[in-house]
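The values are calculated or read from the model by the stated rules, or taken from the named source; none is laboratory data. This is a predicted model, so every value here is computed, not measured. Neighbour counts are summed over all protein chains in view; Cβ atoms, including those assigned to glycine, are modelled from backbone coordinates with ideal geometry.
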């Protein structure tokens, strides 16, 4: 028997795992987290959400200095890129946040067990023994419950094998030491568009290839159309409905054969970023032996309490169905632990916002107009363009709009879709109102400060009611 016994063992210290661990400790549980990385925070903090946003902000400032400062009457010499310093800043942002998670563990008494975790065997009292491997060392710890929160890894594409140099995932694309001459991005989802934007701003030629006919296929059509027009104006090229057939070395670069229907073309590039989605990280966890069932997509099957088909073993985040989003994993981590402790918490999956951190940004919550049409639901549309917003004008950021979808008759909010400046922040108002089952009238009656970007949300709500003042 292990001499380390816990109420809860969490395998994985990403945004789902570490949040669950802290919440469990707050509720009086003795918690251990098994994590193989040298730093906490998982993919999100170390090689995903945080470093990408650091580079997006840095590259946006570089582009502003180069392209827009003069329009504001700020005359500076053409900016020069110090990529080494930019990357150092990104790393510092990551370090401060991962150190912050380590501090939270100490503050809340969460034990960090370094290594790779695996379900070993079920114990007589119903708990589980978890085997932890760290190098050549193998130890075991016991938990009354085990929460799996190992996240996901980059999906592969046939014929595009990751080599960490020429064909890379987002991890390597966040740490290039030089700006690629031509970056080919395979995948028109949020990861590909965001990282493509970073390197385009910094001077790379960028081409996005996707086998689907449109970018962001699950998003509202008007949002996707507006965003692709903007990205094209920024110099990003798109080949949609296009398949990568073959990649051939070419004097230190790569020749890529593409097919679009019956047509064929070749591109020469020096880097290929494969951003074609992610897959649950389930290998090596001992799931089959423990009786944990996976669905057809390779995700862990759970019940309303996030318990798997193995009693006492739970799973959250990218391991289970639903959008692969850090904030979704965090919410599930909190709710899973609270339900373990008898609370009636739940995640309202209808109101999980999604954000694309390009510029302009895109953010949505609820149903798209296309989905409402498919479901035959009667609805009204309100829209307001940032062109008519005073703050957007003052910022010289007038691209985009706010679109509000509401149930015909009641005005209940069904979906809100924003493409424009700071959409990632503006969407929070819509999420809040929808979570309280509010209506367009609720937004319309709220006094919004002037001049602010949030006034565009109010105007779009007023437009549903045919009462828009500035539209």
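Within the stretch 96-105, identify whether any single residue is free of Cβ contacts under 8 Å to residues at least 24 places away in the same chain, part of a strand (DSSP E or B), surrounded by fewer than 16 Cβ atoms within 10 Å (Cβ to Cβ) and in the same structural domain as residue 17 (by TED's automatic domain parsing), and answer yes or no. Checked the stretch 96-105: no residue is free of Cβ contacts under 8 Å to residues at least 24 places away in the same chain, part of a strand (DSSP E or B), surrounded by fewer than 16 Cβ atoms within 10 Å (Cβ to Cβ) and in the same structural domain as residue 17 (by TED's automatic domain parsing). Return yes when residue 283 is at negative phi, surrounded by fewer than 16 Cβ atoms within 10 Å (Cβ to Cβ), under 20 Å from the mean Cα position of the chain (by Cα) and assigned to a loop (DSSP other than H, G, I, E, B) and no when it is not. When the stated conditions are applied, residue 283 does not pass them. Residues in the stretch 110-156 that are at positive phi and within 27 Å of the chain's Cα centre (by Cα): 115, 151. Which residue, of 441, 370, 377, 429, is surrounded by fewer than 22 Cβ atoms within 10 Å (Cβ to Cβ), in a loop (DSSP other than H, G, I, E, B) and either in the same structural domain as residue 357 (by TED's automatic domain parsing) or touching a strand residue (DSSP E or B) at 6+ places or on another chain (Cβ under 6 Å) (or both)? Exactly one of 441, 370, 377, 429 is surrounded by fewer than 22 Cβ atoms within 10 Å (Cβ to Cβ), in a loop (DSSP other than H, G, I, E, B) and either in the same structural domain as residue 357 (by TED's automatic domain parsing) or touching a strand residue (DSSP E or B) at 6+ places or on another chain (Cβ under 6 Å) (or both), namely 377. In the stretch 165-185, of all residues being more than 17 Å from residue 268 (Cα to Cα) and under 22 Å from the mean Cα position of the chain (by Cα), the one that is surrounded by the fewest Cβ atoms within 10 Å (Cβ to Cβ) corresponds to 175.
A single entry from 188, 143 fulfils the requirement of being surrounded by 14 or more Cβ atoms within 10 Å (Cβ to Cβ) and under 23 Å from residue 218 (Cβ atoms): 188. Here 130, 179, 167, 146 are screened, and the one residue that is touching a residue at least 24 places away in the same chain (Cβ under 8 Å) and closer than 20 Å to residue 258 by Cβ is 167. Within the stretch 1-36, the set of residues being closer than 27 Å to residue 323 by Cβ, over 21 Å from the mean Cα position of the chain (by Cα) and in a loop (DSSP other than H, G, I, E, B) comprises 27, 36. Tell me whether the stretch 193-203 contains one or more residues that are more than 20 Å from residue 161 (Cβ to Cβ), touching a strand residue (DSSP E or B) at 6+ places or on another chain (Cβ under 7 Å), part of a loop (DSSP other than H, G, I, E, B) and not assigned by TED's automatic domain parsing to the domain that holds residue 371. Looking for residues that are more than 20 Å from residue 161 (Cβ to Cβ), touching a strand residue (DSSP E or B) at 6+ places or on another chain (Cβ under 7 Å), part of a loop (DSSP other than H, G, I, E, B) and not assigned by TED's automatic domain parsing to the domain that holds residue 371, one finds none in the stretch 193-203, hence no.
The condition (being touching a helix residue (DSSP H, G or I) at 6+ places or on another chain (Cβ under 6 Å), modelled with pLDDT under 95 and either farther than 24 Å from residue 418 by Cα or not assigned by TED's automatic domain parsing to the domain that holds residue 57 (or both)) is satisfied by just one residue among 261, 164, 252, 159: 164. Does the stretch 292-312 include one or more residues that are outside the structural domain of residue 239 (by TED's automatic domain parsing), assigned to a helix (DSSP H, G or I), buried (at least 19 other Cβ atoms within 10 Å of the Cβ) and touching a strand residue (DSSP E or B) at 6+ places or on another chain (Cβ under 9 Å)? Scanning the stretch 292-312, I find no residue that is outside the structural domain of residue 239 (by TED's automatic domain parsing), assigned to a helix (DSSP H, G or I), buried (at least 19 other Cβ atoms within 10 Å of the Cβ) and touching a strand residue (DSSP E or B) at 6+ places or on another chain (Cβ under 9 Å), so the answer is no. Regarding the stretch 249-266, can at least one residue be identified that is buried (at least 21 other Cβ atoms within 10 Å of the Cβ), touching a strand residue (DSSP E or B) at 6+ places or on another chain (Cβ under 6 Å) and part of a loop (DSSP other than H, G, I, E, B)? Checking the stretch 249-266: not a single residue is buried (at least 21 other Cβ atoms within 10 Å of the Cβ), touching a strand residue (DSSP E or B) at 6+ places or on another chain (Cβ under 6 Å) and part of a loop (DSSP other than H, G, I, E, B).
State yes or no: is residue 389 touching a strand residue (DSSP E or B) at 6+ places or on another chain (Cβ under 8 Å) and either crowded, with 21+ Cβ neighbours inside 10 Å or farther than 20 Å from residue 326 by Cα (or both)? When the stated conditions are applied, residue 389 does not pass them.
Identify, please: which residue in the stretch 2-51 is surrounded by fewer than 23 Cβ atoms within 10 Å (Cβ to Cβ), touching a strand residue (DSSP E or B) at 6+ places or on another chain (Cβ under 7 Å) and farther than 14 Å from residue 108 by Cα and is, among those, modelled with the lowest pLDDT? Applying the filter and picking the extreme gives 2. Among the conditions (1) in a helix (DSSP H, G or I); (2) closer than 27 Å to residue 230 by Cα; (3) touching a residue at least 60 places away in the same chain (Cβ under 8 Å), residue 434 misses just one, which is (2). Which condition number does residue 60 fail, the rest of (1) out of contact with any helix residue (DSSP H, G or I) (no Cβ under 7 Å at 6 or more places or on another chain); (2) more than 19 Å from residue 171 (Cβ to Cβ) being met? Result: residue 60 passes all but (1).
Does residue 416 qualify as being within 28 Å of residue 229 (Cα to Cα) and assigned to a helix (DSSP H, G or I)? It is false that residue 416 is within 28 Å of residue 229 (Cα to Cα) and assigned to a helix (DSSP H, G or I).
Within the stretch 225-241, identify whether any single residue is without any contact (Cβ under 8 Å) to a residue 40 or more places away in the chain, in contact with a helix residue (DSSP H, G or I) (Cβ under 6 Å, 6 or more places away or on another chain) and either within 21 Å of residue 166 (Cβ to Cβ) or not in a loop (DSSP other than H, G, I, E, B) (or both), and answer yes or no. No - not one qualifying residue is present in the stretch 225-241. Considering the stretch 52-95, the residues that are over 26 Å from the mean Cα position of the chain (by Cα) and part of a helix (DSSP H, G or I) include one that is surrounded by the most Cβ atoms within 10 Å (Cβ to Cβ), namely 66. Residue pairs whose Cβ atoms lie under 7 Å apart, separated by 6 or more positions or on different chains, with the first residue in the stretch 60-72 and in the same structural domain as residue 82 (by TED's automatic domain parsing) and the second surrounded by 12 or more Cβ atoms within 10 Å (Cβ to Cβ) and assigned to a helix (DSSP H, G or I), are 60/201; 62/201; 63/201.
For residue 272, the requirement of being touching a strand residue (DSSP E or B) at 6+ places or on another chain (Cβ under 6 Å) and surrounded by 18 or more Cβ atoms within 10 Å (Cβ to Cβ) is met.
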